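This structure is in structure tokens; I'll ask about it shortly.
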Amino acid sequence: GAGVSQSPSNKVTEKGKDVELRCDPISGHTALYWYRQRLGQGLEFLIYFQGNSAPDKSGLPSDRFSAERTGESVSTLTIQRTQQEDSAVYLCASSSLRLAGEQFFGPGTRLTVL
Amino acid sequence: DQQVKQNSPSLSVQEGRISILNCDYTNSMFDYFLWYKKYPAEGPTFLISISSIKDKNEDGRFTVFLNKSAKHLSLHIVPSQPGDSAVYFCAARGTGANNLFFGTGTRLTVIP
């Protein structure tokens, strides 16, 4: 399909381990977003990539979180030394718009930290 | 600090009747608002949006109303259909912002 894909769909890890989540945006979309949704909460913005501009990292909760994007394609979100409070669904979205607006979301990665 | 609030976690409506989902926000700098629908195990999908220069936007069965003085918006679905059963998220954007602020969602159940 031509939608946003994410992998893995589920990830269970032990506290202290590092995890890497992957997002494949819609081809041609210059903007890419990462969000997380903890249980009972709304979607929380993490990071934004727009073309070759410097990413907006203002939503990253700690320096254990980082993300990379190669050009206008795949992005990886890395969480180092995972904690139980990192358990959430991590959602990726892409957009052809420069400003935040209509975004196309992937199905998410459910991360469980034991 | 939740800048976008959806105070009703759930709503049940009979098929054919109107569904009204509400959203309140606190930041007067928000200038663009969106509604997303989410089915289980899927990502949210965009439904409808409204700019702060308007007070109403309609798309088929879906209408969004914006009351800037009250910092309140609502989504009306009429007539409601069983396929509308999903979690609905309200989102807002500040002027020139890169990101959206989302509410916690309202689970709509349309009863056949």
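The values are calculated or read from the model by the stated rules, or taken from the named source; none is laboratory data. Since this is a predicted model, take the numbers as computed values, not measurements. Here the Cβ is made from the backbone with ideal geometry for all residues, glycine too, and neighbour counts use every protein chain on show. For accessibility, only protein heavy atoms count, side chains too; no ligands or nucleic acids. Shrake-Rupley method; radii C 1.70, N 1.55, O 1.52, S 1.80 Å.
Which of B:58, B:15, B:42 moves the most in a Gaussian network model of chain B with Cα springs under 10 Å?
Fluctuation is largest for B:42.
Okay, moving on. Two decimals is fine: what is log10 I(q)/I(0) at q = 0.14 Å⁻¹ for the protein assembly as shown, from a Debye sum with one equal scatterer on every Cα and no solvent?
Log10 of I(q)/I(0), two decimals: -0.87.
Label residue B:59 and residue A:68 with points 7 Å out from Cα along Cα→Cβ: what is the distance between them in nm?
Rounded to a tenth, the inter-label distance reads 3.6 nm.
Then there is this: Summed for both chains, how many Å² of accessible area, to the nearest 100, are buried between B and A with a 1.4 Å probe?
Counting both chains, the buried surface is close to 1500 Å².
For chain B, taking Cα atoms only, what is the radius of gyration to one decimal and the Dmax to the nearest whole Å?
In Å, with Rg to one decimal and Dmax whole: 13.3, 42.
Starting from the exponent 0.38 and prefactor 2.2 Å, build the expected Rg for chain A from its residue count and divide its actual Cα Rg by it.
Working it through for chain A, the quotient is 0.99.
A follow-up question, please. Could you work out the local net charge near residue B:13, counting Lys and Arg as +1, Asp and Glu as -1, over the other residues with Cβ closer than 12 Å to its Cβ? Walk me through the numbers on the way to the answer.
Details: positive: B:17, B:107; negative: B:15, B:84.
Around residue B:13, the charge tally is 0.
Compare A:96, A:62, A:75 in a GNM of chain A, Cα atoms joined below 10 Å, and give the one with the largest fluctuation.
A:62
So, R0 is 41 Å and r is the distance between the beta-carbons of residue A:78 and residue B:72; what FRET efficiency does that work out to, to 0.05?
Calculated value: 0.55.
Please list the non-local residues whose amide H lies under 5 Å from the amide H of residue B:105, H modeled 1.01 Å from N, same-chain partners needing a gap of 5 or more.
Correct list: B:6, B:90.
OK, next. Counting only other chains, what is the mean number of Cβ atoms within 10 angstrom of the Cβ of each residue in peptide B:37-44? Kindly include the intermediate steps, with their values, before the conclusion.
Values: counts 0, 5, 1, 0, 5, 5, 15, 10.
Partner-chain Cβ atoms within 10 Å, mean over residues of B:37-44: 5.
Would you rank A:17, B:5 by solvent-accessible area, highest first, keeping every protein chain in place and using a 1.4 Å probe? Before the final figure, lay out the partial values.
Working: A:17 105, B:5 85 Å².
Correct descending sequence by accessible area is A:17, B:5.
Roughly speaking, to the nearest percent, how much of chain B's 1.4 Å accessible area is carbon and sulfur?
49
What whole number of Å gives the distance from the Cα centroid of the stretch B:1-56 to the Cα centroid of the stretch A:46-114?
Value for the Cα centre distance between the two parts: 23 Å.
Over the stretch A:26-93, what percent of the accessible surface lies on carbon and sulfur atoms, probe 1.4 Å? It would help to have the intermediate numbers written out before the result.
Working: 1310 of 2930 Å².
Answer for the stretch A:26-93: carbon and sulfur cover 45 percent of the accessible area.
If you don't mind, there's one more thing I want to ask. Starting from the alpha-carbon convex hull of the stretch B:47-112, give the projected area averaged over all orientations, in nm².
Result: 5.1 nm².
Over the whole of A:41-48, what's the average partner chain Cβ count within 10 Å per residue? Rounded to a whole number, please.
6
With each label point set 7 Å from Cα along the Cα-Cβ vector, what nm distance links residue B:41 and residue A:85?
3.2
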